[in-house]
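Quick note: the coordinates plus some simple rules give every number you see, no bench work behind them. What you are looking at is a predicted structure, and each value in this text was computed from that prediction instead of being measured. In this analysis, Cβ positions are derived from the backbone assuming ideal geometry, glycine residues included, and neighbour counts consider all displayed protein chains.
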Amino acid sequence: MATFNDFGLHHSIVRALSNMGFEEATAIQDQTVPVALQGRDLIGQAQTGTGKTAAFGIPLIERMDETSGNIQGVVLTPTRELAVQVAEEINKIAQFKNISALPIYGGQDITRQIKALKKRPQIIVATPGRFMDHMRRRTIRLDAIEVVVLDEADEMLNMGFIDDIKEILKEVPESRQTLLFSATMPRAIQEIAQQFMNEPTIIQVKAKEVTVPNIAQEYMEVAEKQKFDVLCRLLDIHSPELAIIFGRTKRRVDELSEALTKRGYGAEGIHGDLNQAKRDSVLRKFKEGTIEVLVATDVAARGLDISGVTHVFNFDIPQDSESYVHRIGRTGRAGKTGLAITFVTSREIDHLRLIERTTNRRMERRAVPSMAEALEGQQKMTVDKILEASGRDDLSAYKTLAEQLLEDVDSVTLVSAALKLLTKEPDMTPVRLTEEAPLRVGKKKLPPKGKGGFGSGSGFGGKRPSRPRNGEYRPRGGESRPRSGESRPRSGDSRPRSGDSRPRSGESRPPRS
Ligand SMILES: Nc1ncnc2c1ncn2[C@@H]1O[C@H](COP(=O)(O)OP(=O)(O)OP(=O)(O)O)[C@@H](O)[C@H]1O
Ligand SMILES: [Mg+2]
């Protein structure tokens with residue numbers, strides 16, 4: 001694998017990368033950086049957590065002119081949190097250059113953004129809606145733009161941002177370079193590629209699987225009514241450092257985070273109906289470890305890079321395989337290991353099989369853990385903690401007390417009492433969760449067995465079942481519901497003018513029919 005010295009990058013970028021702890025280029029960086037540096041258009045697909053941000057960030061920064069304060073680069077992302085994260089990573093890579101990236105997104109005061117724009121950042125990282133607002137207000141000038149990056153392009157299409165993206169791409173100079181990245185590449189991307197890219201080089205990191213091998217993938221068949229108790233047991237058994245629990249709808253996320261809190265877990269929810277300040281604070285607490293469980297809709301499925309996420313739980317099976325790939329990809333990043341556990345009700349097994357076939361990877365079936373196992377898990381935690389504490393040398397203040405206690409109570413009883421007090425025993429506090437209808441898969445269009453889905457080297461676009469649009473996934477009752485249960489305008493519908501009220505990042509999906 002190449003080191004960053006091999007690319008002929010400006011020394012300040014190499015220095016920044018080494019400062020960030022990047023020693024070798026990842027596979028996707030190795031293959032895309034040289035092509036992007038030549039100024040060519042590029043489509044890059046590689047698994048989650050393999051460094052696609054730097055794959056476009058490095059050439060982007062390399063191409064910027066630090067003596068100019070014009071906007072020269074634009075990165076579009078589907079969610080606000082991702083815009084912030086990508087801008088941060090770009091700013092780290094640019095730390096020794098006179099170049100800065102500014103995140104611009106809906107839900108943030110626009111006058112503050114206009115003020116920040118006056119500081120003349122060369123790179124804007126934006127959600128499409130808010131970017132359009134600035135375009136219309138002429139607070140962002142497009143004539144000096146040389147590079148446009150579409151991160152998670154397929155998700156932006158899913159969210160109905162296609163018209164916005166088209167409009168943005170029409171306005172930026174035609175001579176620009178366009179880069180497009182995602183871990184999944186559904187066919188719809190081809191339209192963008194044909195219309196707006198100039199003979200793009202397509203780079204798909206060869207991998208049998210779309211998911212990285214370092215994420216262990218398991219599933220459990222659980223009745224809808226039992227899901228919550230099983231989840232609590234799993235949290236007790238695994239004691240994750242940080243865990244993300246994905247639910248299907250905003251209501252689900254609200255109810256789940258409330259129920260988890262009731263049972264004593266440090267959990268909060270994130271979804272598109274929360275105001276930006278709340279979203280920011282929840283994410284901040286999760287990153288700091290103030291809460292260890294983040295309950296989320298698909299708003300948090302894409303791109304978010306939070307170190308320490310050891311577990312992903314699909315409380316509700318994801319609607320399609322792309323969502324599955326991205327959700328579980330919040331763990332097992334940058335070579336670390338992770339565990340993804342998916343709950344499936346008996347009626348959703350077909351749906352799970354479809355995901356397995358599309359991703360070309362089997363999930364291992366696991367039995368639902370018992371209450372006794374949950375207790376054991378917590379007891380083991382306590383024992384570990386006590387043993388660790390026994391090795392400390394600051395116990396002298398407690399020893400006299402311990403000796404006194406041992407005069408009255410036998411040692412086994414005494415230690416048992418201490419263990420019990422320190423152990424978080426399985427909690428059966430009643431909670432209220434509204435039941436979700438199972439996801440059903442139509443009979444048609446199962447891919448042939450053994451045929452990989454997207455990204456399996458079958459060429460761009462690959463053969464895979466396409467999006468819910470084709471009616472493969474129907475919620476029971478036949479009501480056409482957008483993913484995650486939100487309604488959003490279909491492109492072309494009457495749109496709100498301000499980026500604040502447009503489809504709020506992430507879980508808003510086009511209506512499925
Ligand atoms: N060359 C490298 N060496 C070490 N760490 C790296 C390298 N490149 C990227 N990383 C780190 O790997 C992590 C994942 O990177 P990144 O978020 O860019 O992944 P991604 O491919 O965009 O994933 P996703 O598909 O989920 O968006 C980040 O923490 C990033 O800083
Ligand atoms: Mg990414």
- [ ] Can you figure out the FRET efficiency of R136 with S307, using R₀ = 56 Å and their beta-carbon distance, to the nearest 0.05?
- [x] 0.90
- [ ] Can you pull the one-decimal nm distance between simple spin-label points at S346 and E191, each 7 Å off the Cα toward Cβ?
- [x] 4.1 nm
Task: Percentage relative contact order, the stretch 4-204, counting C-alpha pairs under 8 Å, at least six apart - done: 28 percent
TODO: Compute the acute angle (0 to 90°) between the alpha-carbon long axis of helix 162-171 and the principal axis of greatest extent of the alpha-carbon atoms of the chain; round to the nearest 10°.
DONE: 40 degrees
Open item on the list: For the stretch 215-372, take every pair of Cα atoms, bin their distances at 5 Å starting from 0, and report each bin as a whole percent.
Closed with: 2, 9, 20, 25, 22, 14, 6, 2, 0
Task: Dimensions (Å) - the stretch 110-266, Cα atoms, principal axes, largest first - done: 56, 44, 25
Open item on the list: How large are Rg and Dmax for the stretch 4-204 when calculated on the C-alpha trace, in angstrom?
Closed with: 15.5, 43
Open item on the list: Can you work out the Karplus-derived ³J(HN,Hα) for every residue in the stretch 414-430? Use 6.51 cos²θ - 1.76 cosθ + 1.60 with θ = phi - 60°, whole Hz, and x for glycine or proline.
Closed with: 5, 5, 4, 4, 5, 4, 4, 5, 8, 8, 7, 6, x, 10, 10, 3, x
Task: Long-range amide H partners of L439 with built H, under 5 Å - done: none
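Would you please give the FRET efficiency between D427 and E376, computed as 1/(1 + (r/R0)^6) with r the Cβ-Cβ distance and R0 = 25 Å, to the nearest 0.05?
Details: r = 15 Å, r/R0 = 0.62.
For R0 = 25 Å, the calculated efficiency reads 0.95.
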Task: Karplus-derived HN-Hα couplings along the stretch 356-361 (A = 6.51, B = -1.76, C = 1.60, θ = phi - 60°), whole Hz, x at Gly and Pro - done: 4, 5, 5, 8, 6, 8
Open item on the list: What distance in nm lies between label points placed 7 Å from Cα along the C-beta direction at M1 and K385?
Closed with: 3.7 nm
Task: R0 of 41 Å, Cβ-Cβ distance T111-A397: FRET efficiency to nearest 0.05 - done: 0.15
Open item on the list: Checking the table K285/K380; K278/K385; K52/K278 against a 30 Å threshold on Cα-Cα, which pairs fail?
Closed with: K278/K385
- [ ] For the stretch 399-405, take each phi angle, set θ = phi - 60°, evaluate the Karplus expression 6.51 cos²θ - 1.76 cosθ + 1.60, and give the result in whole Hz per residue in order, putting x for glycine and proline.
- [x] 5, 4, 4, 4, 4, 4, 4
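Let me check I've understood the local charge: for V75, count other residues with C-beta under 11 angstrom from its C-beta, Lys and Arg +1, Asp and Glu -1. What total comes out?
On the way: positive: none; negative: E89, D151, E152.
Charge balance in the 11 Å sphere: -3.
Can you give the % of DSSP beta bridges in the chain that are antiparallel, to the nearest 5? Show your work: numbers first, answer last.
Details: 4 of 55 bridges.
Percent antiparallel among DSSP bridges in the chain is about 5.
Could you state, as a whole-number percent, how many of the C-alpha pairs of the chain are farther apart than 36 Å? Mind showing how you got there, number by number?
Numbers: 45314 of 131328 pairs.
Beyond 36 Å sits 35 percent of the P(r) for the chain.
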Task: Euclidean distance of C-alpha centroids, the stretch 1-74 and the stretch 149-223, integer Å - done: 18 Å
Task: Local electrostatic count at V33 - Lys and Arg +1, Asp and Glu -1, tallied over other residues with Cβ under 13 Å - done: -1
TODO: Grab the other residues whose beta carbon is less than 10 angstrom from that of Q177, score K and R as +1, D and E as -1, and report the net.
DONE: +1
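How much length is gained if the chain between T413 and L37 is pulled fully straight, taking 0.36 nm per residue apart and subtracting their Cα-Cα distance, in nm to one decimal? Present the calculation step by step, with values, prior to reporting the outcome.
Working: separation 376, 0.36 × 376 = 135.36 nm, distance 6.93 nm.
That pair, T413 and L37, stretches by 128.4 nm at full extension.
Note the full-extension length gain between N98 and E288 as 0.36 nm times their separation in residues minus their Cα-Cα distance, in nm to one decimal. Working shown, then result.
On the way: separation 190, 0.36 × 190 = 68.40 nm, distance 2.96 nm.
The span from N98 to E288 would gain 65.4 nm if fully extended.
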Task: Separation of the N19 and N198 label points, Cα + 7 Å toward Cβ, nm - done: 3.3 nm
